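Student: Quick one: this structure, given as structure tokens, is what I'll be asking you about.
The values are calculated or read from the model by the stated rules, or taken from the named source; none is laboratory data. Remember, predicted model here, so these are calculated numbers, not experimental data. Using ideal geometry, Cβ is built from the backbone for each residue, glycine included, and neighbour counts are taken over all protein chains shown. The area values use the complete protein model at the heavy-atom level, side chains included, leaving out ligands, DNA and RNA. Shrake-Rupley method; radii C 1.70, N 1.55, O 1.52, S 1.80 Å.
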Amino acid sequence: MNLTTNVETFSFAAGFQARAVACGLKTSSAMGASSLDLSLVSCASDCSAAAVFTTNKVKAAPVLYDQALIATHAGTIRAIITNAGCANACTGPQGLQNTHRTAELVANQIGCAPTQVLVMSTGVIGRQLDMAKLEQGIINVTSAQAHQGAPWVARAIMTTDTKPKTAHATIQIQGKPVTIAGCCKGAGMIHPNMATMLAIITTDALITPSVLEQELRTAVDHSFNRISVDGDTSTNDTVLLLASGASDIAIESTQSADQLAFREALIAVCTSLAKQVARDGEGATRLVEIAVTGARDVAEAHTVANSIARSPLVKTAIHGGDPNWGRVLCAAGYSGADIDQTKLSLTFGPADRPGDNDTPSVQVVADGLPLIYEERQAAATLKADPVLIHLDLGLGDATTTVWTCDMSAEYVEINAHYTT
């Protein structure tokens, strides 16, 4: 498998066109440096579609719209229109009407049915879309004056992101190349199930909506549901996966070698995007990888790892390079998992993965008790990028890994003035 993350050479899978424009929706300084705020990913033929959405009970209008559309038209999708600068969340009947109108406008421009257009929005909650700007933007994004190419879409969906996030993988199936490629946005309100992130993933495989959904949910469980920036779950979180079938390589519903290869590549693309989101967390200076081993099952390991990942005390200690191991054990202890503190072992640094970075690992806890260690050496492990934390529960053989970031004063600054 060949996996790349270079934004400048990024492209979607065969069969898809990508365009982006600035239409004036992204006006706040909190919305990032790029003025691009409207993007369109489309296909000339019907696509299979699958999606995973936020579990927040407060859902944005486009989430409600897309959920209904995926349930009824998952085999005939032609386009995804995405705006940044306005979340269209908590906007009531008018917000839903604006979402439907957005799909209609796109459908009229590209020659398909409104039920073939998925809609995504991101930005400030509680504000109605400026439909005059959006209508002109849709005219522009479907015209020759639009920026052409997937890198522009990756930039147009950004809000507080500092950089676009892309991943492109090519695998060989039945002796022919199959591509999985996607981009996403997300920097704050990031936590499993899911987060303030939008992702557009494409493939040229020929695959039914039911199989596509199965594979997407597996991939999301291994990637986007294993990251946390601040413990908040948003109103707009959406991961969309479209399959154009342009490669003519069919992925069957059985557990075939072809399907397993496709699954591995999809997980790799989603994991790369998820780690890029965690690395670009609002105010973050470095990525943090938390490995929990020795659990009874994966669910237990995940519960403990998530608790550590969302702890403000752990994240601020990492930012300051303070090897305060007590904060890690404390977060594990209140996770709700039935752990045994006398069996806990904690290591800062690469542990049994010496090739990860140049900083040697430091074991600071064994059997739930502190060891004698060099404080400065332990502090150095928390200044590496990525920071690696390994907690062994001593209870079984199950493991998991989650990704987060450090928390700095800049996180407070960004979110204290997000709407102003």
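Student: Taking the chain as the reference, fit the longest principal axis to its C-alpha atoms, fit the long axis of helix 61-73 to the helix C-alpha atoms, and give the angle between the two in degrees, 0 to 90, nearest 10.
Tutor: Helix 61-73 and the main axis of the chain meet at about 70 degrees.
Student: Can you list the residues, at least 5 places off or on another chain, whose amide H is less than 5 Å from the amide H of L388, using H built in the peptide plane?
Tutor: E289, G349
Student: Another one. Just check segment 25-91 against the gyration tensor rule for me: Cα atoms, a ≥ b ≥ c as the square roots of the eigenvalues, rounded for a/c under 1.5, and otherwise prolate or oblate depending on whether a/b exceeds b/c.
Tutor: Numbers: a/c = 3.09, a/b = 1.39, b/c = 2.23.
Oblate, since a/c reaches 1.5 and b/c is not below a/b.
Student: If you don't mind, there's one more thing I want to ask. Give the long-range amide H neighbours of A250: residues separated by 5 or more places, or on another chain, with amide H under 5 Å away, using H modelled in the peptide plane at 1.01 Å from N.
Tutor: So A250 has HN proximity to L206.
Student: So, one more: Can you find, among G92, S223, S345, the residue sitting farthest towards the positive end of the charge dipole of the chain, where Lys and Arg contribute +1 and Asp and Glu -1 at Cβ?
Tutor: G92
Student: For D338 and L371, what does the FRET efficiency come to when R0 = 25 Å and r is the distance between their Cβ atoms, rounded to the nearest 0.05? It would help to have the intermediate numbers written out before the result.
Tutor: Details: r = 25 Å, r/R0 = 0.99.
The value I calculate is 0.50.
Student: With unit charges on the beta carbon (Lys/Arg positive, Asp/Glu negative), name the residue among T159, S121, A107 whose Cα is farthest towards the positive pole of the charge dipole of the chain.
Tutor: Going by the charge dipole, the pick is A107.
Student: If you line up the Cα atoms of segment 123-191 on their principal axes, what length do they span on each, largest first, in Å?
Tutor: Principal axes ranked by extent give 49, 37, 19 Å for the Cα atoms.
Student: I'd like the Karplus ³J(HN,Hα) series for segment 159-164: coefficients 6.51, -1.76, 1.60, θ = phi - 60°, whole numbers in Hz, and an x wherever there's a Gly or Pro.
Tutor: Using θ = phi - 60°, the values come out as 10, 7, 4, 9, 7, x Hz.
Student: Let me ask another. Using the heavy atoms of the protein chains alone and a 1.4 angstrom probe, what is the accessible area of the chain per residue in square angstrom? Write down the numbers at each step before the final one.
Tutor: On the way: 16060 Å² over 420 residues.
I get 38 Å² per residue for this part.
Student: Can you work out the Karplus-derived ³J(HN,Hα) for every residue in segment 131-140? Use 6.51 cos²θ - 1.76 cosθ + 1.60 with θ = phi - 60°, whole Hz, and x for glycine or proline.
Tutor: 5, 5, 5, 5, 4, 5, x, 5, 4, 5
Student: For E264 and A44, calculate 0.36 nm times their separation in residues minus their Cα-Cα distance, and state this gained length in nm to one decimal.
Tutor: Values: separation 220, 0.36 × 220 = 79.20 nm, distance 2.76 nm.
Full extension of this stretch gives 76.4 nm more.
Student: In degrees between 0 and 90, to the nearest 10, how far off the longest principal axis of the chain does helix 92-110 point, with axes built from Cα atoms?
Tutor: That helix lies at roughly 60 degrees to the long axis.
Student: Calculate the FRET efficiency for N6 and D385 from the Cβ-Cβ distance with a Förster distance of 25 Å, rounded to the nearest 0.05. Write out the running numbers ahead of the final one.
Tutor: Details: r = 19 Å, r/R0 = 0.78.
The calculated FRET efficiency here is 0.80.
Student: With the alpha-carbon atoms as the only input, what is the per residue convex hull volume for segment 1-146 in Å³?
Tutor: Working: hull volume 20.0 nm³, N = 146.
That works out to 137 Å³ per residue.
Student: Considering only protein heavy atoms and a 1.4 Å probe, what is the carbon-and-sulfur percentage of the accessible area of the chain? Kindly include the intermediate steps, with their values, before the conclusion.
Tutor: Numbers: 8190 of 16060 Å².
Here it works out to 51 percent.
Student: Given the Cα-Cα distance of E135 and T72 and 0.36 nm per residue of separation, how much length would full extension add, in nm? Write down the numbers at each step before the final one.
Tutor: Working: separation 63, 0.36 × 63 = 22.68 nm, distance 2.60 nm.
Going from the current span to full extension adds 20.1 nm.
Student: Taking amide H positions as placed in the peptide plane 1.01 Å from N, state which residues far from R286 in sequence (5 or more) or on other chains have amide H under 5 Å from it.
Tutor: Residues meeting the amide H criterion: D406.
Student: Once you charge only the Cβ atoms, +1 for Lys and Arg and -1 for Asp and Glu, what is the size of the charge dipole of the chain about its Cα centre, to the nearest 20 debye? Before the final figure, lay out each step's value.
Tutor: Values: 27 positive and 39 negative charges, 198 e Å.
Around 960 debye, computed over the chain.
Student: I'd like the per residue volume of the convex hull spanned by the Cα atoms of the chain, given in cubic angstrom. Don't skip to the end; give the middle numbers.
Tutor: On the way: hull volume 56.2 nm³, N = 420.
Residue-normalised Cα hull volume stands at 134 Å³.
Student: While we're looking at this one, here's another question. From the backbone phi of segment 255-271, what are the Karplus-calculated ³J(HN,Hα) couplings (6.51 cos²θ - 1.76 cosθ + 1.60, θ = phi - 60°) in whole Hz, Gly and Pro given as x?
Tutor: 7, 7, 4, 5, 5, 5, 5, 4, 4, 4, 5, 5, 4, 5, 5, 5, 5
Student: If I model a spin label at L64 and Q172 as a point 7 Å from the Cα along the Cα→Cβ vector, what separation in nanometres do I get?
Tutor: Here the modelled spin labels are 5.0 nm apart.
Student: Can you pick out the pairs among K26/K383; K163/K275; K57/K165; K59/K185 whose Cα atoms lie more than 23 Å from each other?
Tutor: Details: K26/K383 35 Å; K163/K275 13 Å; K57/K165 27 Å; K59/K185 18 Å.
Beyond 23 Å between Cα atoms: K26/K383; K57/K165.
Student: Related question: Stretched out fully, how many nm does the piece from K57 to D248 gain, at 0.36 nm a residue minus the Cα gap?
Tutor: So the extension gain works out to 64.8 nm.
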